[in-house]
1. Could you identify the single residue in N79, N37, N102 that is modelled with pLDDT of 90 or more, closer than 27 Å to K159 by Cβ and in contact with a Phe, Trp or Tyr (Cβ under 7 Å, 6 or more places away or on another chain)?
2. Identify all residues within the stretch 117-148 that are closer than 22 Å to L51 by Cβ, among the charged types (D, E, K, R) and surrounded by fewer than 16 Cβ atoms within 10 Å (Cβ to Cβ); write none if there are none.
3. Check the stretch 111-122 and report whether any residue there is touching a strand residue (DSSP E or B) at 6+ places or on another chain (Cβ under 9 Å) and touching a residue at least 40 places away in the same chain (Cβ under 8 Å).
4. If I113 satisfies all but one of (1) modelled with pLDDT under 95; (2) aliphatic (A, V, I, L, M); (3) under 19 Å from P56 (Cβ atoms), what's the number of the condition it fails?
5. Consider L61 carefully, then state whether it is under 24 Å from K32 (Cβ atoms) and surrounded by fewer than 18 Cβ atoms within 10 Å (Cβ to Cβ).
6. Could you pull out every one of the strands (runs of 3 or more DSSP E) wholly within the stretch 41-129 that has 3 or more residues that are within 16 Å of the chain's Cα centre (by Cα)?
7. Restricting the first residue to the stretch 91-106 and requiring it to be at positive phi, which pairs with a second residue that is among the charged types (D, E, K, R) and not in a strand (DSSP E or B) meet a Cβ separation below 8 Å and a spacing of at least six or different chains?
8. In the stretch 130-160, what count of residues is obtained for those that are within 16 Å of the chain's Cα centre (by Cα) and part of a loop (DSSP other than H, G, I, E, B)?
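The values are calculated or read from the model by the stated rules, or taken from the named source; none is laboratory data. All values derive from a computational prediction rather than experimental measurement. Using ideal geometry, Cβ is built from the backbone for each residue, glycine included, and neighbour counts are taken over all protein chains shown.
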Amino acid sequence: MKNLIFKSVSALVFMLIYIPAVFSQGNFYYFKNANMNIPLPANWVASEHILLLLMPRNEELQLKIELVPEVSLKDEVLNTINEFKNLYPDDTTYVLNDFVVNKLIIKEISKVINGEKLNYFIISTPDNQIVKIHYIAPKDIALKYNGDIQKIIKNLKLKG
């Protein structure tokens with residue numbers, strides 16, 4: 001029994017040490033729910049709980065990635081804009097950018113208010129799945145990791 005517990009603990013410790021190292025080598029993380037490969041910068045790790053989280057090792061920022069079921073791109077953009085309005089009813093300004101990356105249609109909605117940056121990337125895949133990648137962070141932290149975030153978004157790929 002003690003041997004089984006020792007092996008289980010050893011395996012857990014190995015996974016905790018080894019898996020972040022593998023992810024940190026600039027590899028892609030396969031987000032199974034959307035059949036999408038998401039690039040991981042060398043200093044970032046992935047954690048999958050209820051949704052996928054990507055974060056720098058020091059965890060100053062967390063990118064939340066989720067598959068949004070049964071909604072169109074247009075509807076999810078409107079939902080996100082309404083979310084901004086609910087969070088900040090006195091300031092309804094935001095920036096909306098459109099671009100395409102590897103056949104993925106991306107709508108970026110961002111806002112800076114009260115020293116925080118809100119950034120949402122709403123992605124439509126060729127098979128009409130909607131993936132949302134978003135974060136809310138202090139403006140200086142968002143600026144610090146902006147290059148990494150742009151590399152992640154610009155290198156998204158569907159698997160296969």
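1. Working: N79 fails: in contact with a Phe, Trp or Tyr (Cβ under 7 Å, 6 or more places away or on another chain); N102 fails: in contact with a Phe, Trp or Tyr (Cβ under 7 Å, 6 or more places away or on another chain).
Testing whether each residue is modelled with pLDDT of 90 or more, closer than 27 Å to K159 by Cβ and in contact with a Phe, Trp or Tyr (Cβ under 7 Å, 6 or more places away or on another chain) leaves just N37.
2. Selection gives D127 alone.
3. As a first pass, look at the stretch 111-122 and keep what is touching a strand residue (DSSP E or B) at 6+ places or on another chain (Cβ under 9 Å): 111-112, 115-122.
After this cut, where a residue has to be touching a residue at least 40 places away in the same chain (Cβ under 8 Å) as well, the list is 120, 122.
Looking for residues that are touching a strand residue (DSSP E or B) at 6+ places or on another chain (Cβ under 9 Å) and touching a residue at least 40 places away in the same chain (Cβ under 8 Å), one finds at least one in the stretch 111-122, hence yes.
4. The number of the failed condition is (3).
5. Numbers: under 24 Å from K32 (Cβ atoms): yes; surrounded by fewer than 18 Cβ atoms within 10 Å (Cβ to Cβ): no.
In short, no.
6. Here the list reads 44-48, 52-56, 63-68, 104-113, 116-124.
7. none
8. Number satisfying all stated conditions: 3.
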